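First comes the structure, then the notes that go with it.
The values are calculated or read from the model by the stated rules, or taken from the named source; none is laboratory data. These figures come from a predicted structure and were not determined experimentally. Note that we place each Cβ from the backbone using ideal geometry, even for glycine, and neighbour counts take in every protein chain shown.
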Amino acid sequence: MKTGFWLNLAVMAGVTYLIRMVPLAVFKRKLENEWIQSFLYYIPYAVLGAMTFPEILFSTDSVWSAAAGFLVAIVLSYLEKGLLTVALSACGAVLAVECTIQYLIPALS
Amino acid sequence: MEKEMNTAAGKLVVNSFRLGLKDGVPIGLGYLSVSFTFGMMAVAAGLPVWAAVLVSMLNVTSAGQFAGLPLLAASGSCIEMALTQFIINMRYALMSLSLSQKLHRSVNLLDRILIAFCNTDEIFAVASSKKGEVGKRYLYGLILMPYFGWAFGTLIGAAASSLLPAIVQSALGIAIYGMFLAIIIPPAKHFRPVLKVVLFSVLLSCIFRFTPGLREISGGFVIIICAVSAAGLGAFCFPVHREREVG
């Protein structure tokens, strides 16, 4: 592996650990500030939202297969299926559309 | 009723290693499927199997590891990595802070430093749900199964993925985003402010992605700008009154 990998891994693990360790080792007082509590509550959703869209549309070989996967993932997530189920079903939809584009459409025309 | 409670200095203390181990089993099993997905994603992103397992064993965090994956695979900027991890894992600071109030005084600095390594959402949630204070033996027991479940799931996910044909591996590119949707959509469905925060964050992310000039800003920084703005505005407009489960 390249040195960049090791440096990034060290930074990743170090930052994640320090965030968990410092408050546990140092603080004894409880956070009362409502804004900070709410901000920390919303952060994971805001992060994942920004990471997912529009990037999801460019995550496969074509926008069409990605859109199909996106649709399937939204419906199954709304039905509150598990993480692995949603993820793999989205992959299945992508695969189905990719196969159609690559094999079925050229064969028919 | 808790069988393993002892009284010390008039306070209830949960401090049984075996009880911790038992409480950790369902968490560990739950982690298998998530870390299995991470293992597959990591290999799809170009990491070798051992590197995927190493990432899991050193980080023990789902969202942070998924978010860090593109940067790890591309050997991207480590400032971006630090900021991304800081933003996405900031919630742990609050959990550690809260857990620190819950620890029995016999839990010394060295124990705190070790326990912090594994303070995940679920471990925090289970430890917080105990009546009274918690001791170190309970916490070490609680951590064990989830930690190995997380590492082992990554290993089998990564190993399974390397055996898959190329077209399937390429379809796996969407899996990480499918998983993100599975994390954010259920709470957005039940709690309207989450939906608004997510949609605002997505709107900002689209603006950055498609506007000439803004488009050149690196992805990691865009996520931080979007997330901090959306969560900040959300906290201002819709303050959360009680501590909700953060997942």
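Applying the criterion of being touching a helix residue (DSSP H, G or I) at 6+ places or on another chain (Cβ under 6 Å) and aromatic (Phe, Trp, Tyr) to the residues of the range B:148-189, the residue that is farthest from B:Ala44 (Cα to Cα) is B:Trp150. Only a single item in (1) more than 7 Å from chain B (Cβ to nearest Cβ); (2) under 21 Å from B:Leu195 (Cβ atoms); (3) surrounded by fewer than 24 Cβ atoms within 10 Å (Cβ to Cβ) is not met by A:Phe70, and it is number (3).
Conditions tested, residue by residue: (1) farther than 21 Å from B:Leu69 by Cα; (2) in a helix (DSSP H, G or I); (3) among the small types (Gly, Ala, Ser); (4) modelled with pLDDT under 90.
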residue	(1), (2), (3), (4)
B:Leu199	yes, yes, no, no
B:Val202	no, yes, no, no
B:Ile225	no, yes, no, yes
B:Ala231	yes, yes, yes, no
B:Pro239	yes, no, no, no
B:Glu243	yes, no, no, yes
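Out of the residues in the range B:189-203 that are facing chain A (nearest Cβ under 7 Å) and among the aliphatic types (A, V, I, L, M), which is surrounded by the most Cβ atoms within 10 Å (Cβ to Cβ)? Among those residues, the one meeting the criterion is B:Val197. Of all the criteria given as (1) of a type in the set (Asp, Glu); (2) closer than 30 Å to B:Ala171 by Cβ; (3) at pLDDT 90 or above, the one not satisfied by B:Asp111 is (2). Scanning the range B:45-59 for residues that are in contact (Cβ under 8 Å) with a residue 12 or more places away in the chain, touching a strand residue (DSSP E or B) at 6+ places or on another chain (Cβ under 6 Å), surrounded by fewer than 23 Cβ atoms within 10 Å (Cβ to Cβ) and at negative phi turns up nothing. Any residue at all in the range A:15-32 that is charged (D, E, K, R), within 7 Å of chain B (Cβ to nearest Cβ) and loosely packed, with under 14 Cβ neighbours inside 10 Å? Yes, that holds for at least one residue. How about the range B:60-89: which of its residues are among the aliphatic types (A, V, I, L, M), surrounded by fewer than 19 Cβ atoms within 10 Å (Cβ to Cβ) and modelled with pLDDT under 85? Selection gives B:Ala74 alone. Of the candidates A:Ser77, A:Ser38, A:Ser62, the single residue that is at the interface with chain B (Cβ under 7 Å from one of its Cβ atoms) and either under 20 Å from B:Phe66 (Cβ atoms) or surrounded by fewer than 16 Cβ atoms within 10 Å (Cβ to Cβ) (or both) is A:Ser77.
Among the residues of the range A:87-109, those identified as more than 12 Å from A:Ser65 (Cα to Cα) and in a helix (DSSP H, G or I) are A:Ala87, A:Leu88, A:Ser89, A:Tyr103, A:Leu104, A:Ile105, A:Pro106, A:Ala107, A:Leu108. Of all residues in the range B:10-38 being outside any helix (DSSP H, G or I) and in contact (Cβ under 8 Å) with a residue 12 or more places away in the chain, which is surrounded by the fewest Cβ atoms within 10 Å (Cβ to Cβ)? The qualifying residue surrounded by the fewest Cβ atoms within 10 Å (Cβ to Cβ) is B:Lys11. Look through the range A:87-109, keep the residues that are among the aliphatic types (A, V, I, L, M) and modelled with pLDDT of 90 or more, and return whichever of them is surrounded by the fewest Cβ atoms within 10 Å (Cβ to Cβ). Taking the candidates together, the pick is A:Ala96.
Among the residues making up the range B:71-130, a single one is more than 19 Å from the chain's Cα centre (by Cα), facing chain A (nearest Cβ under 9 Å), in a loop (DSSP other than H, G, I, E, B) and within 20 Å of B:Asp23 (Cβ to Cβ): B:Gln101. For the range B:176-186, the count of residues that are in contact with a Cys (Cβ under 9 Å, 6 or more places away or on another chain) and not assigned by TED's automatic domain parsing to the domain that holds B:Met57 is nonzero.
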